[in-house]
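I have placed the structure first, in the form of structure tokens, so that the comments after it can refer back to it.
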Amino acid sequence: MSSPRIQSITASLLETPLYQPFVTSQGRADRGSCVAICLKLDDGREAFGESSPVEYVTQETVTTVLRTVERAAPQLVGLEVL
């Protein structure tokens, strides 16, 4: 029995206002930003995940994550999810 195949992968910016500002020695944030990712399978199921890049920690930004998912998605579509 084969596992479901990946039908599509999408990524989008998700921003939410913070109840209180998040302040560190690196700066202040009044909004939370992450990348929401949706994986759709050919059997109708969907899986969701997120990436919360912090540039000074991971050297990644929301923009670089969005671009990476966009570049990788065509290579993953059609593969078995397992």
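Annotations
- For the chain, the list of GluC sites (Glu not before Pro) that fall in a loop by DSSP and count at most 15 other C-beta atoms within 10 angstrom reads GLU60.
- Between helix 62-76 and the chain: long-axis angle, C-alpha atoms, 0 to 90°, nearest 10: 10 degrees
- A simple spin-label model places the labels of SER8 and GLN59 3.4 nm from each other, with each point 7 Å out along Cα-to-Cβ.
- Calculated translational diffusion coefficient of the chain (20 °C, 1.002 mPa s; Stokes-Einstein with Kirkwood radius over alpha-carbon pairs) equals 149 µm²/s.
- Probing with 1.4 Å while keeping every protein chain in the model, the per residue accessible area of the chain equals 76 Å².
- Using C-alpha pairs below 8 Å separated by at least 6 residues, the relative contact order for the chain is 39 percent.
- Unit charges on C-beta of K, R, D, E only; dipole of the chain, Debye: 80 debye
- Computed from phi, the 3J(HN,Hα) profile of region 36-44 under the Karplus parametrisation 6.51, -1.76, 1.60 (θ = phi - 60°) reads 8, 10, 10, 10, 9, 9, 6, 9, x Hz, with x in place of Gly and Pro.
- Using only alpha-carbon positions in region 24-69, the gyration tensor eigenvalues give semi-axes of 28, 12, 7 Å once each is multiplied by 5 and square-rooted (largest first).
The values are calculated or read from the model by the stated rules, or taken from the named source; none is laboratory data. Predicted model, so just to flag it, every value in this text is computed and none were measured. Neighbour counts run over all protein chains shown; Cβ positions are idealised from the backbone, glycine included. What goes into the accessible areas is simple: the full protein's heavy atoms, side chains included, and nothing from ligands, DNA or RNA. Shrake-Rupley method; radii C 1.70, N 1.55, O 1.52, S 1.80 Å.
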